[in-house]
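Engineer: Before I ask anything, let me first share the structure, which is written out below as structure tokens.
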Amino acid sequence: MYRIGVDVGGTNSDAAILDVTAFNNPNRGVLSSFKAATTPDITSGIEKAIQNVLAESKVCKQSVLSVTIGTTHFINALVEADARRLFRVAVVRLCGPFTRQIPPFSDFTVGLRRVLDGGAYYLDGGLEIDGRQIAPLDHDQIRKTTAAIVTSGVRSVALVGVFSPLDHSGIHEEACKKIILETAPDLDVVCSRNLGTTGIVERENATILNAAILSTARKTIRGFKRAMARLDLSCPLYLSQNDGTLLEADTAVDYPIKTFASGPTNSMTGAAFLAGLDKPKAVSDTGEEHVNGGGEESQVLIIDIGGTTTDVCALLPSGFPRQAPGFVEVGGIRTVFFMPEVASIGLGGGSKVEFGAAASDLTIGPGSVGHFLTTEALVFGGPTLTMTDIAVASGDAELGDRNFTTTVPREVVELASKKTKKMIETVIERMRVSAAPVHVLLVGGGSLLVSSSLEGVAKVTKPVHHDAANAVGAAIAKVSGDVDVIEILEGADEKAVVTSACQKAASEAIRKGADPQDVKIVEVNKIPLQYSTNRAIRLQVRAVGRLSIPEGNTYQKNSNEIEFCDDYDKEEELEGKKIALHDALDPTTKPSLNVDLEQYRPSVKDQVWYVSEVDLELIATGAGVLGTGGGGPTHYELLKALQTLRSGGAGKMRVVSPLTVKDSDLICFGSWYGAPSVINERISGGHEISKGINTLLKLQGYQTFDALFLDEIGGGNGLSAFPTGVEYNVPVIDGDAMGRAYPTMYHATLYINGHPITPAAITDARGNASIVMNAESPTRVESMLRTTAIELGLGCAVCACPLRGSAIREHGVPHTISQAWYIGRAVHMSRKKKTNYVHAIFAVNPGKLLFSGKVVDVRRDVSGGYTMGSVLLAPVKDESFPQSPTWDKHMVIPFQNEYLYAAYTDSTGGSDSEEVVCTVPDLISILGQDGEAIGSQDLRYGLVVSVIAMPSHPLWKTEQGLKVGGPSGFGLAIPFTGIGEYTEPRSVVKDFGEDNVV
């Protein structure tokens, strides 16, 4: 009984054949492996590789249980922007009145949007987060839309319903697809619910990309089946997915995007299998691992050293690589793919080694001779000193002719070897997530660079057949069953709810072909939902198991497959010359990318700042930093603002200094309110804020108003006023009511100083509007608004009582839009220059680095509708990262949406050992390795981060300010601990006015 794995790369196609009865043998059942050049038609290279492993192993073809192929062909169509393999896609959203503020293709690259955009259609349908319908499907509307799509000449449709991943009965997307195909059977329709989790823009992007390559997928997989037929293999054909599990070939025809980036995952899982570390730990119904035996278990890191780069990935107890947090970009487009988190450095066997008159000037990479190693490296008679030459010269490898390296100074060889060792040790330190011993698995052709022990590593293993780890990983890929549901725990038995979900996941894995005796629950995630008062959680469960062995241990020929391949003797069609798009990777959401920010000047005329696309990007980054963990992500608000600016907003989107506001001016407010998990899925319709403003103006007898003022600068709400300002053609005042983000409306400098918050309006895209006329206190206003928000689906707009300009000037926090702009510019400039972004931020804004390290624990719960919890950080020694003030302590940061305080602690995070170094109202922000802020909802195990603190405005440090916004305002029995004196932010209007030059 045998399984064959094939991994198709851009250069080579690898194949391996394994005996499933010999997995416990020293060679792990690998009978043969082979490497062949990847051919233009793909299939002939695969065929050659499989032929060779079959011939060498002398295996009877009828005893082959499966062939699994991992391929880069589909992702290359996008990454290479090959117009031959891409087709236009019409996007149909089932959303009712929602989502229009961010149209489809909003964050696609320029070239791909031009090629793929087949129009957008907004139809009735979609769900609320609790399963209620936004609106029922309108069958006539669907039929008319289908006819319009056919008339336009588009043949592929991406069908995207709001909260469709939670629609397990298929009442909307599947029902709509059925109607579309009844009307136009020749259309290709892809449902988003099968391609990703919540986060509608990223899931929609994935659905569009999948629909765009369907024709290419059919042709390619048909070629794979033809190859199988020519080889006389009648077993099932699978493709490997990017999460390390299997996908039946007939399913892959419909969902080729699930195969994206399967190569790295195959390499990682293959390495773990070859080293005997592939047995996943089962997870209990509570999400706890079942650990057998005592003692501290090691953490496994897989290091794949190639010709140009070294890739490092951590292996989870599930047996799969640790997944990258957040969203993943494919071809410059944000998607919801599950991909391994890989740390890469420019070190490989082909890396160039250069040195000057002094050996100490030695550099390694990132330049590489790549696949020209055998002609360029010294040991092969070439002219270039490479890391392979260093390994041979030092006696660590036998390759080529060592005599060609005798001219290399011994000092250079020794220094390069030490530097290589240090580079690998540094990336290992970055990827490890605990103090547990590290077990390193070395794979790849460049693994000869590591011969000595590594600091902080207990064990280094180079598995057998390590050079075929990718093909082995494809051969042993497992079957998964996944459950993703919203459950209400109020009045329910939580253990029974989780157990039921686990049983459903296991059943799904078995239905897809997993061996019932081998299925294990390897992942249980319980994610509380903000603003819900019924203990609602999102429950994600994964079960995995080995592919079952059929009765009789062989497969009979499948007549359908042979009929499908009845023309397999015909010559394979080649795709012809590649059609490249010159602007395929030009981003639409990163306008500052090709701008010299040191020379860039915002447009300021007559004391008015006319906001540009570059300004919006910088403000978004800075608002994230000022969000202190809350305020919602800035990406969606950036998309909304860019869409507004590009759709007639130029000249209308503007900012004025609070110093120019008249005391009598009427100032309005408006921001987004609810749970980020809803706001990022059931996107706004675009007029919710204006509906609230209009309601309040009418109520109070006003006809017009003069300007807008931000409720909070922190997070996504820091950009929320810009589209509204364009709609009314009024400016936004440079400032806000918090100077940061806070979890409630009443956490504002205006309201702690006696200005009225009511009447306040809360609205949604359906036109619903509710008004809180009066309340006994600001806290009661908040509870009333939150109750209404739940009824409106946890995604709405809130508008507080309009105030006069005198209130803004007296009790607003000034120039915070400018502050966000300066912080954002500092981060982007440091990223381009590859300098320390913490230093760059503190050059324009006072602050203090509290800690640098990695996330080793995140605990969350929902209390009173807020995401409560804490994050524990461990120190990390990485010279490429901002240096932490301490190496011998951990840091714990509790949060209530926003980060409340930061304290040094021990490795357990126990409160008895806490040494508080900063508290609210001062700002505590956690930044990723790119300088972008990480919200409390995005904290993930293994993230490498820096923690910075910045002083808050003096209005927060009054007795009343501390009572509301300080530790006691959050029920903390600790005193306020600040990090320094506040400095008023610089003003863009002042600095870049006609008479000023920065």
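The values are calculated or read from the model by the stated rules, or taken from the named source; none is laboratory data. As the structure is a computational prediction, the values presented were derived from the model and not from experiment. Virtual Cβ from ideal backbone geometry, glycine too; neighbours counted across all protein chains shown. Surface accessibility is based on the protein's heavy atoms, side chains included, excluding ligands, DNA and RNA. Shrake-Rupley method; radii C 1.70, N 1.55, O 1.52, S 1.80 Å.
Engineer: Averaged per residue, what accessible area in Å² does the chain show with a 1.4 Å probe, protein chains only?
Structural biologist: 38 Å²
Engineer: Which order do 698, 889 take by accessible area at a 1.4 Å probe, largest first?
Structural biologist: Of 698, 889, the descending order of accessible area is 698, 889.
Engineer: Defining a contact as two alpha carbons under 8 Å apart and six or more residues distant in sequence, what relative contact order in percent does the range 164-238 show?
Structural biologist: 23 percent
Engineer: Between helix 778-791 and the chain, what is the angle of the helix's C-alpha long axis to the longest principal axis, kept within 0 to 90° and rounded to the nearest 10?
Structural biologist: Rounded to the nearest ten degrees, it is 50.
Engineer: Just to confirm the filter: which GluC sites (Glu not before Pro) across the range 574-664 are DSSP coil and have at most 12 other Cβ within 10 angstrom of their Cβ?
Structural biologist: 598
Engineer: Would you kindly work out the equivalent ellipsoid of the range 603-818 from its C-alpha gyration tensor and give its semi-axes, the square roots of five times the eigenvalues, largest first in whole Å?
Structural biologist: Gyration-tensor ellipsoid for the range 603-818: 23, 20, 17 Å.
Engineer: Below 23 Å, Cα to Cα, which lysines can residue 652 reach? Residues fewer than 8 away in the same chain don't count.
Structural biologist: 590, 605, 640, 662, 691, 990
Engineer: A follow-up question, please. Of the heavy-atom accessible surface of the range 128-236 (probe 1.4 angstrom), what whole percent is carbon and sulfur?
Structural biologist: Using a 1.4 Å probe with all protein chains present, the range 128-236 comes out at 48 percent carbon and sulfur.
Engineer: Here is a follow-up. Would you work out the charge dipole size for the range 121-241 about its Cα centre, treating the Cβ of every Lys and Arg as +1 and the Cβ of every Asp and Glu as -1, and quote it to the nearest 20 debye?
Structural biologist: 760 debye
Engineer: Here is a further query. Hand me the trypsin sites (Lys or Arg not before Pro) from the range 75-169 located in a DSSP loop with no more than 15 other Cβ atoms within 10 Å, in residue order please.
Structural biologist: Answer in residue order: 132.
Engineer: Further question: How big is the antiparallel share of DSSP beta bridges in the range 85-220, given as a percent to the nearest 5?
Structural biologist: Of all bridge pairs located within the range 85-220, approximately 5 percent are antiparallel.
Engineer: Given the C-alpha centroids of the range 946-960 and the range 757-787, what is the distance between them in whole angstrom?
Structural biologist: Spelled out, the Cα-based centre of one part sits 28 Å from the other.
Engineer: Karplus couplings for the range 906-919 from phi (6.51 cos²θ - 1.76 cosθ + 1.60, θ = phi - 60°), rounded to Hz, Gly and Pro as x?
Structural biologist: Working through the residues one at a time gives 8, 5, 8, x, x, 5, 5, 9, 6, 10, 5, 10, 6, 9 Hz.
Engineer: Rounded to the nearest Å, what's the spacing between the alpha carbon centres of the range 1-75 and the range 350-427? Just the number, please.
Structural biologist: 33 Å
Engineer: Continuing with the same structure: Quick one: how many Å² of residue 203 are accessible to a 1.4 Å probe, rounded to 10?
Structural biologist: 0 Å²
Engineer: Could you pull out the GluC sites (Glu not before Pro) across the range 777-811 that fall in loop regions by DSSP (anything but H, G, I, E, B) with no more than 13 other Cβ atoms inside 10 Å?
Structural biologist: For GluC sites (Glu not before Pro) across the range 777-811 that sit outside H, G, I, E and B with at most 13 neighbouring Cβ atoms in 10 Å, the list is empty.
Engineer: If I ignore ligands, DNA and RNA and count only protein heavy atoms, how much of residue 590 is accessible to a 1.4 Å probe, in Å² to the nearest 10?
Structural biologist: Accessible area of residue 590: about 80 Å².
Engineer: Kindly provide the Kirkwood hydrodynamic radius of the range 478-546 in Å, to one decimal, from all pairs of distinct alpha carbon atoms.
Structural biologist: Hydrodynamic radius (Kirkwood, Cα pairs) of the range 478-546 is 12.3 Å.
Engineer: Heavy atoms only, 1.4 Å probe, whole protein assembly: order 1, 387 by accessible area, highest first.
Structural biologist: Result of the area sort, largest leading: 1, 387.
Engineer: If I take every Cα pair under 8 Å that is 6 or more residues apart in the range 710-833, average their sequence separation and divide by the length, what percent do I get for the relative contact order?
Structural biologist: 29 percent
Engineer: What are the radius of gyration and Dmax of the chain, computed over its Cα atoms and given in Å?
Structural biologist: That works out to 29.4, 92 Å for Rg and Dmax.
Engineer: Roughly what angle does helix 410-431 make with the longest principal axis of the chain, taking Cα atoms, 0 to 90 degrees, to the nearest 10?
Structural biologist: Taking Cα atoms only, the helix is inclined about 60 degrees.
Engineer: Among 954, 448, 86, which residue has its Cα furthest toward the positive end of the charge dipole of the chain, with +1 on Lys/Arg Cβ and -1 on Asp/Glu Cβ?
Structural biologist: Going by the Cα projections, it comes out as 86.
Engineer: Among 827, 591, 465, pick out the residue whose Cα is farthest towards the positive end of the charge dipole of the chain, where Lys and Arg carry +1 and Asp and Glu carry -1 on C-beta, about the Cα centre.
Structural biologist: 591
Engineer: When ranked by the protection proxy of mean other Cβ atoms within 10 Å per residue, highest first, what sequence do the peptides 174-185, 727-738 form?
Structural biologist: So the order, starting with the most tightly packed, is 727-738, 174-185.
Engineer: Using only the alpha-carbon atoms, how far is helix 173-183 inclined from the longest principal axis of the chain? Give it as 0 to 90 degrees, nearest 10.
Structural biologist: Rounded to the nearest ten degrees, it is 70.
Engineer: Where nothing but the Cβ of Lys and Arg (+1) and of Asp and Glu (-1) is charged, how large is the charge dipole of the range 603-818 around its Cα centre, in debye to the nearest 20?
Structural biologist: Value, rounded to 20: 260 debye.
Engineer: In addition: Mind checking which of 777, 756, 660 is farthest towards the positive end of the chain's charge dipole, using Cβ charges of +1 (Lys, Arg) and -1 (Asp, Glu) about the Cα centre?
Structural biologist: Projecting each Cα onto the dipole axis, the largest value belongs to 660.
Engineer: Per the Cauchy relation, a quarter of the hull surface: what is the mean projected area of the convex hull of the alpha carbons in the range 162-260, in nm²?
Structural biologist: Over every viewing direction, the Cα hull of the range 162-260 projects on average to 7.3 nm².
Engineer: On the protein heavy atoms, probe 1.4 angstrom, tell me the percent of accessible surface of the range 847-970 carried by carbon and sulfur.
Structural biologist: Roughly 46 percent, rounded to a whole number.
Engineer: Please compute the contact order of the range 85-220 in relative form: average sequence separation of alpha-carbon pairs under 8 Å and at least six residues apart, divided by the residue count, as a percent.
Structural biologist: 29 percent
Engineer: How large is the translational diffusion coefficient of the range 85-220 in µm² per second when you combine the Kirkwood radius over alpha carbon pairs with Stokes-Einstein at 4 °C and 1.567 mPa s?
Structural biologist: This corresponds to a translational diffusion coefficient of 88 µm²/s.
Engineer: At what distance in angstrom do the alpha carbon centres of the range 483-525 and the range 789-818 lie from each other?
Structural biologist: 43 Å
Engineer: What ³J(HN,Hα) values, in whole Hz, does the Karplus curve 6.51 cos²θ - 1.76 cosθ + 1.60 give for the range 44-58 when θ = phi - 60°, with x put for Gly and Pro?
Structural biologist: 5, x, 4, 4, 5, 5, 5, 4, 5, 5, 5, 5, 5, 7, 6
Engineer: Mind checking the dipole of the range 847-970: about its Cα centre, +1 per Lys or Arg Cβ, -1 per Asp or Glu Cβ, Debye to the nearest 20?
Structural biologist: Rounded to the nearest 20 debye, it is 160 debye.
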